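The values are calculated or read from the model by the stated rules, or taken from the named source; none is laboratory data. The structure displayed is predicted, hence computed values, not measured ones. Counting neighbours? That spans all protein chains shown, and the Cβs are built from the backbone with ideal geometry, glycine included. Just the protein is used for accessible areas: all its heavy atoms, side chains included, with ligands, DNA and RNA removed. Shrake-Rupley method; radii C 1.70, N 1.55, O 1.52, S 1.80 Å.
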Amino acid sequence: MGRGLGFQGHPGDEIDPDKVEKTYIMKDHGMTNRFQQLVEDIPIERLEICNEIIQYAKDTLQKNINDNIYISLTDHINFAIERVEMGVPFQNPFLWEIKKFYYQEYLIGQAAIGMIERKLKVTLPQDEAAFIALHIVNAELDLDMTEMVSMTKLTQNILKIVDDCFPDQMDKESVFYERFITHLKFFAQRIFTGNEVESDDTEFQEIIRNKYQECLDCVEKIRIYIKNTCNHDITDEEMMYLTVHIKRVVTR
């Protein structure tokens, strides 16, 4: 990419290397073919705005983002624009959850909608901010969209279990609630990637078992739920950390 790179050029002409500002190289052969297809099928102005959105996300988050996002997000935004132009409504069933669990990425999604409206004169619905956020989180965690949706459902259902165990006791305005949400996000990520926290600190575990039995009973329900839905056994250490977080969030 570069300003004026193809100005007055014709197919087969040599590219002036001095005009090249950015070069994208896909490490995976399959990704290269898919990206080539996108470049052929999608209008250049849409490719450019997607590049701007991804760069904005990188600058804002200051995190490593998988190059797959150049394919997944570009493809999604192009399809979203086509849906709007055809008048086909599309809702995001996880809008509230994404906004709550991945707020920083959601804000980037909102900024992206504004960028698209200014540059392309297309107004995307607010639900798309959540979809864009999911693609960004995917690229951060290096997961596919199916795993990302499953992680969001898992986090949501764990919160429901806690709410059922302690009705109206979770202080959702407290800093402890925000920390609990953050812990659940990484907890869900560890389940799907298989990188769980383990420790032989039996003394710590015994203290938690003796002090917070009611919260531990709630965590036992979470353990059974994860076993039944994900066929995954969480470690004692993970259970202890969940217990501590729940104790903090239900104690006013």
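Within the range 78-91, does at least one residue satisfy the condition of being touching a Gly at 6+ places or on another chain (Cβ under 8 Å), modelled with pLDDT of 90 or more and small (G, A, S)?
Looking for residues that are touching a Gly at 6+ places or on another chain (Cβ under 8 Å), modelled with pLDDT of 90 or more and small (G, A, S), one finds none in the range 78-91, hence no.
Examine the range 155-162 for a residue that is free of Cβ contacts under 8 Å to residues at least 12 places away in the same chain and under 25 Å from L61 (Cβ atoms), and state whether such a residue exists.
Within the range 155-162, none of the residues are free of Cβ contacts under 8 Å to residues at least 12 places away in the same chain and under 25 Å from L61 (Cβ atoms).
Is it the case that some residue within the range 238-246 is on the phi < 0 side of the Ramachandran plot, of a type in the set (A, V, I, L, M) and without any contact (Cβ under 8 Å) to a residue 12 or more places away in the chain?
The answer is no, given that none of the residues of the range 238-246 is on the phi < 0 side of the Ramachandran plot, of a type in the set (A, V, I, L, M) and without any contact (Cβ under 8 Å) to a residue 12 or more places away in the chain.
Residues are listed down the side, and each one gets a yes or a no for (1) surrounded by fewer than 16 Cβ atoms within 10 Å (Cβ to Cβ); (2) of a type in the set (S, T, N, Q); (3) touching a Pro at 6+ places or on another chain (Cβ under 9 Å):
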site: G6; (1), (2), (3): yes, no, no
site: I15; (1), (2), (3): yes, no, no
site: D41; (1), (2), (3): yes, no, no
site: Q55; (1), (2), (3): yes, yes, no
site: I98; (1), (2), (3): no, no, no
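List every residue pair whose Cβ atoms sit under 8 Å apart, with the two residues 6 or more apart in sequence or on different chains, where the first one lies in the range 1-23 and is in contact (Cβ under 8 Å) with a residue 40 or more places away in the chain and under 21 Å from R46 (Cα atoms) and the second, anywhere, is of a type in the set (D, E, K, R) and open to solvent by 70 Å² or more (accessible area, probe 1.4 Å).
Going by the 8 Å Cβ cut-off, the qualifying pairs are M1/E21; M1/K22; M1/E48.
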